[in-house]
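A.B. asks: Please see the structure below; I have some questions.
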Amino acid sequence: MPTGGKPNLTQFLIEERRRVPDATGDLNALITDLSLACKAISRRVARGALGGVLGSAASANAQGEDQRTLDVISNQMFLRANEWGGHVAGMVSEEMEEAYTLPAQYPRGKYLLMFDPLDGSSNIDVNVTVGSIFSVIRAVTPEVDARPEDFLRPGTSQVCAGYAIYGPSTMLVLTLGKGTHAFTLDPVLGEWVLSHPNLRVPAKTREFAINASNSRFWEPAVKRYIDECMAGQPGPRGADFNMRWIASLVAETHRILMRGGVFMYPRDSNDPGKRGRLRLLYEANPISFLVEQAGGSASTGRKRVLDVQPESLHQRIGFIFGSSEEVERIEAYYREEPHETYRSPLFGKRGLFAIAD
């Protein structure tokens, strides 16, 4: 076997389908189409400036954020790869304000697809790791155009979730609800090869990821947790912690799946009208599914992410995930601390980073 005895993605999907006697193969075909889009994006990312994909697209996405040229290209690749096969009845993308209606000439399928075509695209011009994220749920009414409200289902409705990471090697990380598995793209064969079956997130960690520039806006529970980590071995945790921040959700997730850790982009007071930074349907839900299937936890701080009932296509949410013991500790701090009673010694008025009342 040219893959050294390891199954490729097609073989893996066939084996998974054999465990479900009434499966039609539509989901396998959809995943294959998704993997093709990720291969195409990987190739464009790898060419960088040589492929003319860097810089701003001089446009904004549905949330008013500046789009990079590769955001637009990646979005089109996802749409083109998945609209024609008859496997989806509609799609939602970070880059499009409204749900995408398939062209009339293509058949409608039994699934709905939600995706962030290029997560971390602000990093692309400086050659830092980026990725793509996707989530699949069953259509409310198969084989007809999906309504916008059909996408508004809790993360527990997902039948598949995954991401591709475009780093030193390109990898596809996938769950069908029976574990989380990572495939590495063999650039010679053009095949996704199962390189990391059954990933497991260690329950304990001494590493956390958070954007410290937002410290003045953090809620008391988050301030308390970060203070304890930063206090190191002499502090209440009795251990030294490392802090990481890449500004790419895919890269942060991949590190945690591979070696543990906890990621925090919590709700804060910077914009009281927003309940967080990351999007629920096509960022927090699929990452939560992957992390939970690998033995980790994912929370808003106040409740399990996968239990949140979505209210809008581009809804934002506070997001904390990773090693289960650390996520549980942060949730406990949310339950214990009345709002605005905790004064941070590290990030308060006399700390390294000033905070206004």
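A.B. asks: How many of the residues in the range 162-211 are among the hydrophobic types (A, V, I, L, M, F, W, C) and at pLDDT below 95?
C.D. replies: Within the range 162-211, residues that are among the hydrophobic types (A, V, I, L, M, F, W, C) and at pLDDT below 95 number 3.
A.B. asks: Let me ask something else. Within the range 307-326, can you find the residues that are surrounded by fewer than 23 Cβ atoms within 10 Å (Cβ to Cβ) and more than 17 Å from the chain's Cα centre (by Cα)?
C.D. replies: Gln309, Glu311, Ser312, Ser324, Glu325 - these are the residues of the range 307-326 that are surrounded by fewer than 23 Cβ atoms within 10 Å (Cβ to Cβ) and more than 17 Å from the chain's Cα centre (by Cα).
A.B. asks: Of all residues being touching a helix residue (DSSP H, G or I) at 6+ places or on another chain (Cβ under 6 Å) and in contact (Cβ under 8 Å) with a residue 60 or more places away in the chain in the range 210-247, which is surrounded by the fewest Cβ atoms within 10 Å (Cβ to Cβ)? Just the residue, please.
C.D. replies: Looking at residues that are touching a helix residue (DSSP H, G or I) at 6+ places or on another chain (Cβ under 6 Å) and in contact (Cβ under 8 Å) with a residue 60 or more places away in the chain, I get Ile246.
A.B. asks: May I pose another question? Considering only residues that are over 29 Å from Gly131 (Cα atoms) and not in a helix (DSSP H, G or I), which ones fall in the range 221-271?
C.D. replies: Within the range 221-271, Ala231, Gly232, Gln233, Pro234, Gly235, Pro236, Arg237, Gly238, Ala239, Asp240 qualify.
A.B. asks: Show the residue pairs that are 6+ apart or on different chains and have beta-carbon atoms under 9 Å apart, the first residue being within the range 1-22 and within 17 Å of Val188 (Cβ to Cβ), the second being of a type in the set (S, T, N, Q) and at pLDDT below 85.
C.D. replies: Here the result reads none, with nothing in the range 1-22 linked to a residue that is of a type in the set (S, T, N, Q) and at pLDDT below 85.
A.B. asks: State which residue is surrounded by the most Cβ atoms within 10 Å (Cβ to Cβ) when the search covers only the range 95-128 and only residues that are among the acidic types (Asp, Glu) and in contact with a helix residue (DSSP H, G or I) (Cβ under 6 Å, 6 or more places away or on another chain).
C.D. replies: Ranking the candidates gives Asp119 first.
A.B. asks: Out of the residues in the range 126-161 that are touching a Cys at 6+ places or on another chain (Cβ under 9 Å) and not small (Gly, Ala, Ser), which is nearest to Tyr282 (Cα to Cα)?
C.D. replies: Checked the range 126-161; the qualifying residue nearest to Tyr282 (Cα to Cα) is Phe134.
The values are calculated or read from the model by the stated rules, or taken from the named source; none is laboratory data. Owing to the predicted nature of the structure, the values given are computational and were not obtained by experimental measurement. Reconstructed Cβ throughout: ideal geometry from the backbone, glycine too, with neighbour counts over all protein chains shown.
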